[in-house]
Amino acid sequence: MKRITLAAGYMAALMMAAGNIAAAQAGNQQSSSTQQGPIAVSTEIAPNAPVTYDNKYEIFGGLSYMNFKAGTAVPQKMNMGGWEAQGTYWVTPMWGATVSGRGEYGTTPVLANPFGSNNPIYDLASRVLVYQHMGMAGVTRRGPKGRYAAIEYHALAGMSVGVFNAGTGLIQPQQIGLYTNSTSFVAALGGSVDFNQSAHFAIRLSPDLILNKFGSPVDEFFAISGGVIYRFGKR
């Protein structure tokens, strides 16, 4: 429960900040309307944006971090690093269909075992390599946007292929507390902040709450990725 509270709190703070920015912008517009007459309230962070946000497609690529627990019996979590690639087709100016691919890799602690350096056949280190590859699809919604930055929210779901015997040699993963190799449900709930560099390019930071079911019940983990987004294809 503490894990989901931490990650959810991080994303809630992001959304609250976006709401405050939008509210401040709306307040400025309402103030000016007392002199110029009624105007429509906008969700833009800054007026007169050179970025039009009328693109039909956007692609993202970057590096990622994720915390993870590779088995219900292992003593502690591990840190994973990897990559993320994502593409969005904007069905409407506000709603898009998104596909995402991710790879996460790292070494995990394992249970104390008799397969150490005293046994040359099973010379198993205290940490072993595990990894997973994820494929997901879902929806993205545009949030507040403007000249310098834009916010998006997404909900993705799919499958994750976990490999837990990459560093165990002849030892079965379950003998040292790890999950067995399997394919599991995975979901990513979060958003992104895009810092615009030009009309087409932006730097993206994207935090996520990851729901993963290699074990039972569903586990919650925190992930964040950073990289470059490219917008193209005018609507």
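Quick one: length gained pulling GLN175 to TYR148 fully straight, 0.36 nm per residue minus the C-alpha distance? Can you show the working numbers first?
On the way: separation 27, 0.36 × 27 = 9.72 nm, distance 5.22 nm.
Net length gain for the segment: 4.5 nm.
Is there a quick way to get the dipole size of the stretch 44-234? I mean about its Cα centre, with the Cβ of Lys and Arg at +1 and of Asp and Glu at -1; what is the value in debye to the nearest 20?
Working: 13 positive and 11 negative charges, 56 e Å.
With only Lys, Arg, Asp and Glu charged at Cβ, the dipole is about 260 debye.
Put +1 on the Cβ of each Lys and Arg and -1 on the Cβ of each Asp and Glu in the stretch 44-234; which of PHE60, PHE232, VAL74 then has its Cα farthest toward the positive end of the dipole?
Towards the positive end, the residue furthest out is PHE232.
Taking the Cβ of GLY226 as the centre, find all other residues whose Cβ is under 14 Å away and add up their charges (Lys, Arg: +1; Asp, Glu: -1). Provide the component values of the computation, followed by the final result.
Values: positive: ARG102, ARG204; negative: GLU84, ASP194, ASP208.
Neighbourhood net charge equals -1.
Provide the packing ranking of 101-108, 191-198, i.e. peptides ordered by the mean count of other C-beta atoms within 10 Å per residue, highest first.
Values: 101-108: 20.2, 191-198: 17.6.
Peptide ranking by packing, descending: 101-108, 191-198.
Tell me which lysines have Cα within less than 30 Å of LYS213's Cα, excluding those fewer than 8 residues away on the same chain?
Leaving aside lysines fewer than 8 places away in the same chain, those within reach of LYS213 are LYS2, LYS69, LYS77.
A short reminder: the numbers here are calculations on the coordinates, not readings from a lab. Since the model is a prediction, treat every value here as computed from it, not as a measurement. Virtual Cβ from ideal backbone geometry, glycine too; neighbours counted across all protein chains shown.
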